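Accompanying notes for the structure given below.
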Amino acid sequence: MSEPDLLRAPRPAPVPLRAGGDWRLFIPKSITVIAQEGYSWAKLRADAMAGLTVSIVAVPLAMAIAIASGVTPAQGLITAVVAGFLISALGGARFQIGGPTGAFIVVVYGVVHRYGYDGLALATMMAGAILIGAGLLRAGVWIKYIPEPVVTGFTAGIAVIIFTSQIRDLFGLTMSDVPADFLDKVAALWAARASIAPVAFALSLGALGAIVLINRFLPRWPGMLIAVAGATAAAWAFNLPVETIGSRFGADAAAALPAFGAPEISLERLRELLPSALTIAFLAGVESLLSAIVADGMTGRRHRSNCEIVAQGVANIAAPLFGGISATGAIARTATNIRAGAQTPFAGMFHALFVLVFMLGLGPLIAKVPLASLAAVLAVVAWNMSERDRFGQLLNGLAGDRVVLLATFLLTVLVDLTLAIEVGVVLAAIIFMHRMAEASAVARGVSLMEPDQDDFSRAAAGYEARSELPPGVEMFELRGPLFFGAASRLNDAFDAAFPPPKAFVLRFRDVPLADASGVGALERFVTRCRGHNVVLVFCELHPSVAATLAKLGLLAHVETATTYEEAVARAAAGVAR
């Protein structure tokens, strides 16, 4: 006997969505999931357990990110509660977990350092309004086309800045203030090197070692929480002379609920905070959609980009009204949510409620957490954000991608995140136009624009071959350059054939070139195929495209064929195995 449904609604047959933008794409997943699937006690239990698991991970992260951002631990926790709840309740991604993330530390710290928390609150609310406008204008599908070298460069740059910001607490240095500018910060840290506190350093090393070992050998355990709890217990049991949350922020710093209030608004403040608001909006949009794409790859689901962007906007308007900071989708916490068995967006809402319970019930204990242990948590976050493998691949890849990567990285670390993104995108566009000119010179028979007519120059056999595919084999033909603007076509092809076939043949005969972002999308497509045990064969590769794929290490994971017929034969043989 199946368990009774908590809520049962009629389940209409799927209706194809109209091209050009259907208003139903703005309906939150939390509503459509229940309307289409119902909600049972089994799903409730699974969502509650997943929410509890994620909240255990989120509590130390939210506090550590808040402290590194220049605000109190309570403000990080309240962001996870308010923004986390709204992102899950209103968003277009089924498993998204929202809250403060490491990507915001640099910009939030800079705004707080210059304008105070009131300035941060206004900048975050402005960013929320920008996100809502972008979502309603259906710009969500464009945000994910940001070139991969730009994303990798500024993410790696943020990781470097986060790590350097934690050196004071990792070593227990005695410093009155840490400058916001990177070079000034390094100089100040070096000047304070004689004030290293051995006990704090040993505690941070112990916490760091615990996180690494638990993640390595017991990956299902909450390594960060265990490390922080162990460091807290050691500091309390042995009365260690280390700085804690309570000693820096006050005994009720983690449990104090900020009062509801709006920031001061004036035309002058709006004008001076606009660059920061644009940066926050950009980061929130990109991080949330990257997180949603990762979740789609893990589950085979599809998110609604514009609905997700609108939800991010609402969350970033609401969080500052309760004393919170900037928020977006958190990739690591979203992945944890999926692995913990989440079924619906209610898991994210449960996560927010559990964080609130921990915040109110464990406030006195949280005040005893050593700052050295939270610095260890952020050191791990910085390491995971560093994109070291992808950074190395891009450095060894195409010259243009290398220029964009290094320019974005160095500008992020040494100058300004907003300028880094602007320069990176412009450089990527210039290099892309240069590649288009090269492609038109070397591939005269290949049109870079899709003609609005039938291709009469191609033999009819090329079209008839599609209908003669063996059972279990699917074919998809890529046309035009494989660059960041065309990345979504691959996953669209996979989803169009879902449940996936036993073999996929990708034809590249009309692909004159590929850049790092296109290869990155292709790599994610290959990973999805391997996850579903789908045989994948590439065929008719242009020499320059084959060289790019080989240089970035992708051809080692797929079969290749010179002709379409050979590719189909290999795919059929793979199906028969």
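The values are calculated or read from the model by the stated rules, or taken from the named source; none is laboratory data. None of these values were measured; they are calculated from a predicted model. Because the Cβ atoms are built from the backbone with ideal geometry, glycine has one as well, and the counts that use them run over all protein chains shown.
Condition (residue is at pLDDT 90 or above, of a type in the set (Ser, Thr, Tyr) and closer than 30 Å to Ala139 by Cβ) applied to the range 51-61: is it met by at least one residue?
No, the conditions are met nowhere in the range 51-61.
In this structure, does Leu240 turn out to be outside any helix (DSSP H, G or I) and either at pLDDT 90 or above or assigned by TED's automatic domain parsing to the domain that holds Thr174 (or both)?
yes
Could you figure out which of (1) in contact with a Leu (Cβ under 7 Å, 6 or more places away or on another chain); (2) modelled with pLDDT under 85 isn't true of Pro364?
Among (1) in contact with a Leu (Cβ under 7 Å, 6 or more places away or on another chain); (2) modelled with pLDDT under 85, Pro364 violates only (1).
Inside the range 198-217, can you point out the residues that are closer than 14 Å to Leu240 by Cα and surrounded by fewer than 15 Cβ atoms within 10 Å (Cβ to Cβ)?
Residue satisfying the conditions is Pro198 alone.
Here is a list: Leu77, Leu120, Leu86, Leu136. Which entry is over 28 Å from Asp181 (Cα atoms) and either in contact with a helix residue (DSSP H, G or I) (Cβ under 6 Å, 6 or more places away or on another chain) or charged (D, E, K, R) (or both)?
So the residue among Leu77, Leu120, Leu86, Leu136 that is over 28 Å from Asp181 (Cα atoms) and either in contact with a helix residue (DSSP H, G or I) (Cβ under 6 Å, 6 or more places away or on another chain) or charged (D, E, K, R) (or both) is Leu86.
Do you know which residues across the range 369-414 are polar (S, T, N, Q), modelled with pLDDT under 85 and either surrounded by fewer than 16 Cβ atoms within 10 Å (Cβ to Cβ) or in contact with a strand residue (DSSP E or B) (Cβ under 9 Å, 6 or more places away or on another chain) (or both)?
If the condition is that a residue be polar (S, T, N, Q), modelled with pLDDT under 85 and either surrounded by fewer than 16 Cβ atoms within 10 Å (Cβ to Cβ) or in contact with a strand residue (DSSP E or B) (Cβ under 9 Å, 6 or more places away or on another chain) (or both), then Asn396 is the only one that fits.
Identify, please: which residue in the range 522-577 is on the phi > 0 side of the Ramachandran plot and touching a helix residue (DSSP H, G or I) at 6+ places or on another chain (Cβ under 8 Å) and is, among those, surrounded by the most Cβ atoms within 10 Å (Cβ to Cβ)?
Glu540
Please state which of the following conditions Arg271 fails to meet, knowing it meets all the rest: (1) assigned to a loop (DSSP other than H, G, I, E, B); (2) out of contact with any helix residue (DSSP H, G or I) (no Cβ under 7 Å at 6 or more places or on another chain).
The one condition Arg271 does not meet is (1).
Any idea which of Leu283, Leu290, Leu278, Leu274 is closer than 20 Å to Phe104 by Cα and surrounded by fewer than 17 Cβ atoms within 10 Å (Cβ to Cβ)?
On the way: Leu283 fails: surrounded by fewer than 17 Cβ atoms within 10 Å (Cβ to Cβ); Leu290 fails: surrounded by fewer than 17 Cβ atoms within 10 Å (Cβ to Cβ); Leu278 fails: surrounded by fewer than 17 Cβ atoms within 10 Å (Cβ to Cβ).
Only one candidate qualifies: Leu274.
Of the conditions (1) modelled with pLDDT under 85; (2) under 17 Å from Phe476 (Cα atoms); (3) touching a Gly at 6+ places or on another chain (Cβ under 6 Å), Leu552 fails just one. Which one is it?
(2)
When the residues of the range 28-76 are filtered to those that are in contact with a strand residue (DSSP E or B) (Cβ under 9 Å, 6 or more places away or on another chain) and closer than 26 Å to Leu371 by Cα, which remaining residue is surrounded by the fewest Cβ atoms within 10 Å (Cβ to Cβ)?
Leu61
Got a sec? Which of Val314, Val310 is surrounded by fewer than 22 Cβ atoms within 10 Å (Cβ to Cβ) and closer than 30 Å to Val150 by Cβ?
Selected residue: Val314, the only one of Val314, Val310 that is surrounded by fewer than 22 Cβ atoms within 10 Å (Cβ to Cβ) and closer than 30 Å to Val150 by Cβ.
Kindly provide the set of residues from the range 378-408 that are under 19 Å from the mean Cα position of the chain (by Cα), over 18 Å from Ala207 (Cβ atoms) and among the β-branched types (Val, Ile, Thr), ordered by number.
Thr408
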